[in-house]
Amino acid sequence: MNKKLDADFWSDRYSNKETGWDIGNVSAPLKAYFDQVSDKSISIMIPGCGNAYEAEYLLANGFTNITLVDISPLPVNALKEKLKAYDGKQLHIICDDFFNLEQRFDCIVEQTFFCALDPSLREKYVDKMHALLKPGGKLVGVLFNRSFEEGPPFGGNVEEYRNLFMEKFIIKTMEPCYNSISPRSGSEVFLVLVNKDQLG
Ligand SMILES: C[S@@+](CC[C@H](N)C(=O)[O-])C[C@H]1O[C@@H](n2cnc3c(N)ncnc32)[C@H](O)[C@@H]1O
């Protein structure tokens, strides 16, 4: 795997409309999760946000502290226009590499970001998620529970994910996703991982 998965790679995908990952709406598993969160003031960050339908849903439902991050200026500029009523208030939109972030959040949302990164970065992803979450903060989202011939997307499986996350996170939920969109049905796991730092 020698593709350089940098900002230009992703910008080319957006320019050429090769965005097969984009489901055009808030992902059902994440919507179900958001619907049971009662404190709408928690800080939520979505890395590799793309067109960020999840953010639109959160904002429309009263969440007040959302940060979006993407390495490609194309979706970022489109979001700044589409969500300008919220930008700089309830919403912060950052064009940068996720690995450069330094704030801390209560919740980070995973939606086809992990699978977009070169698998050699998986341990670094876990360390960075751990560093970006407040003690007790949660990484919530979906991961593919299948392999792909050539990525991105890069697949994986539950055993690999347990081994990756268990040192730094309490694995609260990692189970087959019952409400995936039909093309992904049976091939995703839903996760809620809690930053172990809460244990002191
Ligand atoms: C497969 S797309 C998913 C987009 C969106 N989450 C969705 O589900 O529609 C992966 C996204 O991650 C972004 N990305 C890739 N590497 C990144 C990095 N290191 N930091 C921030 N964003 C990154 C890409 O620009 C792209 O928008």
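Details
- A straight chain from Leu164 to Asp6 at 0.36 nm per residue would run longer than the Cα-Cα distance by 54.5 nm.
- Compactness of the stretch 137-180 was expressed as the Cα radius of gyration divided by 2.2 N^0.38 Å, which yields 1.24.
- Computed from backbone phi with θ = phi - 60° and the Karplus coefficients 6.51, -1.76 and 1.60, the 3J(HN,Hα) list for the stretch 67-72 is 10, 10, 9, 8, 6, 9 Hz; x is used for glycine and proline.
- Residue of Gly141, Gly151, Gly50 that the Gaussian network model of the chain assigns the largest fluctuation, springs spanning Cα pairs under 10 Å: Gly151
- Of Ser185, Ser11, the residue with the largest accessible area leads and the full order is Ser185, Ser11 (1.4 Å probe).
- Diffusion coefficient, µm² s⁻¹, Stokes-Einstein with Kirkwood Rh over alpha-carbon pairs of the stretch 1-77 at 10 °C and 1.306 mPa s: 116
- log10 of Debye I(q)/I(0), alpha-carbon scatterers only, for the stretch 94-200 at 0.12, 0.13, 0.14 Å⁻¹: -0.39, -0.46, -0.53
- Cut-off 17 Å, label 7 Å out along Cα→Cβ of Ser185, residues of the stretch 126-167 by amide N: 145
- Inter-label distance, nm, simple model (7 Å from Cα along the C-beta direction), Asn61/Leu121: 2.8
- Entries in Lys31/Lys80; Lys4/Lys124; Lys3/Lys134; Lys82/Lys138; Lys4/Lys31; Lys89/Lys168 that, when Cα-Cα distance is taken, lie over 25 Å: Lys3/Lys134; Lys82/Lys138; Lys4/Lys31; Lys89/Lys168
- Viscosity 1.306 mPa s, temperature 10 °C, Stokes-Einstein D of the stretch 4-139 from Kirkwood C-alpha radius, µm²/s: 104
- Taking every DSSP bridge with both residues inside the chain, close to 45 percent are antiparallel.
- Ellipticity at 222 nm from helices only: DSSP H runs of n ≥ 4 in the chain, each -39500 (n - 2.57), divided by the residue count, give -7500 deg cm²/dmol.
- Phe105 long-range amide H proximity, modeled H, under 5 Å: Leu133, Lys134
The values are calculated or read from the model by the stated rules, or taken from the named source; none is laboratory data. Fair warning: this is a prediction, and the values are worked out from it, not measured in the lab. Cβ: placed from backbone, ideal geometry, glycine included. Neighbour counts: every protein chain shown. To get the accessible areas, we keep the full protein, side chains included, count just its heavy atoms, and leave off ligands, DNA and RNA. Shrake-Rupley method; radii C 1.70, N 1.55, O 1.52, S 1.80 Å.
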